[in-house]
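The values are calculated or read from the model by the stated rules, or taken from the named source; none is laboratory data. All values derive from a computational prediction rather than experimental measurement. Every residue, glycine among them, receives a Cβ derived from its backbone with ideal geometry; neighbour counts consider all protein chains shown. Accessible surface areas use protein heavy atoms only, side chains included; no ligands, DNA or RNA. Shrake-Rupley method; radii C 1.70, N 1.55, O 1.52, S 1.80 Å.
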Amino acid sequence: MKKYLMMGLATEVTVQTQEEKYEKAFEQLVGGPVNANVNWGFDAQQVATFDAEGKYTGMRGVDANGNEWGLYVDVPQPLTQAQKDVVTNWFKTHENPEGVAVNWSDFFVQQVYEGEWGKNMNYLYCGSSTDHTFNFNAGNAGVYQNVCYGLREGATDQNDRIYGPDQIEFMVGSSTEYFGFHNSFDSNFYKDNYVIIPGDIIDASVAGMFFVGFDFEAHGVDTNTQQVARDYFFDNWIVKITPGLYKNRERIMVEDLIASDLSQVGYSEGKSDWDFNDAVFDVAYLRQQDANYQTHDYAVITLWAAGGTKNLTVAGKEVHELFGVPVKTMVNTAAPNGKDGLQPVIFRIDFGATTDWNKQYDANEIKVYVEGTELKAEKGKAPQKVKVAKTTRWMKEMLIITSGYAKFAEYATSNTPTDWYKTVTDASKLY
């Protein structure tokens, strides 16, 4: 405690730490001290395991275990012929279109169309590891007759599943960094002959989807059909890609005010943050085999939003950089001059070879930092992050969380209701 001499009298002045300032500001937000038992939703999280030994038998690159997909991941439905036709026609009539990038480690690939040169396009692959999308060859894909789309409504047995056919594959621990194919004419690999197009610009019937189109070329040794020039219509092979969202994921919403000048904090819309959208991400834990068939434990992180303007990292990765925007640009929070509608980013953390088959994980262990300050959720203290259900919507920019969720303040001060995120006050304030 520092002492200062004022007018001949010794006066004791306590200098508050930033954490203490944050605590006091949060108490003003919720109307009282934080309840000592509040853990902000964090506890041991389910690890996705899929057999009697607690092991999941997938592998890096491709998971062909389609008759179980629906038990642990959200599986996209097959495309209708009408959807395939509208997508194919768009690619056939748009020369050299400008595409977009997506950043997913886990994703589905579905067949859409085999074009004129498709039979000569083999080994559809993706990412820096050139992972083969199993069963996608010769511009097409075999039909998987027993794709599991999940359990039947009201099912009490995990064997009561919904099955159906599709030309589909699930890529795990891979990458959408780029896509390529092997040309059977000249035995070369081509990784620059593709484009990713959002369904939103194609037709309302495929809005929210993403399609990869390939443009064929060949550089053979003679002047016959082994030499084919590009025409920049990406219609020789078309597939759909969908992010892999795991059923056991749980959502983390982050507030970075602790790194701010807390003397400027207010409690009305437009004056202060307290929106808990500076980063929004999901965490799912998996026990899965790697390329060498050794079982590892992983966390799959799905980043949805970046509502801050400071350098903020999740598991060591800067969130704005993951979205491909400058640090000062807010993403998916309806912020002025921000970027909205960007697709989530999916990446993995490898915890190494599994040694404890009973190991459980807590998403609170995923480290989050803002400009070097760790953002924490400690029991009984003002949080910088909270864990909620995976479908919880986050606040729009500069809208206070208590104005969107009626019971947030009550939960903070009394530890009830623990499902405060279901008490929506005004859905128009949610992203």
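Quick one: in segment 62-85, of everything that is of a type in the set (A, V, I, L, M, F, W, C) and buried (at least 16 other Cβ atoms within 10 Å of the Cβ), which residue is nearest to the chain's Cα centre (by Cα)? The qualifying residue nearest to the chain's Cα centre (by Cα) is VAL73.
Checking each residue in segment 394-431 for being among the aliphatic types (A, V, I, L, M) and farther than 15 Å from GLN28 by Cα picks out MET395, MET398, LEU399, ALA406, VAL424, ALA427, LEU430.
Out of everything in segment 214-227 that is open to solvent by less than 20 Å² (accessible area, probe 1.4 Å) and of a type in the set (A, V, I, L, M, F, W, C), what residue ends up being modelled with the lowest pLDDT? If we take residues in segment 214-227 being open to solvent by less than 20 Å² (accessible area, probe 1.4 Å) and of a type in the set (A, V, I, L, M, F, W, C), then ALA218 is modelled with the lowest pLDDT. Take the residues in segment 228-284 that are of a type in the set (A, V, I, L, M) and closer than 20 Å to GLN16 by Cβ, then tell me which one is modelled with the lowest pLDDT. Once the filter is applied, the top-ranked residue is VAL265.
Quick check on segment 225-240. Is at least one of its residues in a strand (DSSP E or B), small (Gly, Ala, Ser) and more than 13 Å from CYS126 (Cβ to Cβ)? No, there is no match, as no residue in segment 225-240 is in a strand (DSSP E or B), small (Gly, Ala, Ser) and more than 13 Å from CYS126 (Cβ to Cβ). Residues in segment 383-420 that are over 20 Å from the mean Cα position of the chain (by Cα) and either among the basic types (Lys, Arg) or closer than 21 Å to ILE366 by Cα (or both): PRO383, GLN384, LYS407. Report yes if some residue within segment 347-364 is at pLDDT 95 or above and within 25 Å of GLY199 (Cβ to Cβ); otherwise report no. Yes, some residue in segment 347-364 is at pLDDT 95 or above and within 25 Å of GLY199 (Cβ to Cβ). Pairing residues of segment 175-203 that are within 21 Å of PHE91 (Cα to Cα) and without any contact (Cβ under 8 Å) to a residue 60 or more places away in the chain with residues that are crowded, with 17+ Cβ neighbours inside 10 Å and among the polar types (S, T, N, Q), at Cβ distances under 7 Å and at least 6 apart in sequence or on separate chains, gives TYR190/ASN183. The C-beta contact set for segment 33-45 (first residue touching a residue at least 40 places away in the same chain (Cβ under 8 Å) and open to solvent by less than 70 Å² (accessible area, probe 1.4 Å), second residue of a type in the set (Lys, Arg) and not in a loop (DSSP other than H, G, I, E, B), distance under 9 angstrom, 6+ apart or interchain) comprises ASN39/LYS387; TRP40/LYS385; TRP40/LYS387; GLY41/LYS387; PHE42/LYS385; PHE42/LYS387; GLN45/LYS387.
Please count how many residues of segment 86-110 are buried (at least 18 other Cβ atoms within 10 Å of the Cβ) and within 17 Å of the chain's Cα centre (by Cα). Result for segment 86-110: 8. Scanning segment 120-141 for residues that are in a loop (DSSP other than H, G, I, E, B) and open to solvent by 30 Å² or more (accessible area, probe 1.4 Å) gives SER128, SER129, THR130, PHE134, ASN135, ALA138.
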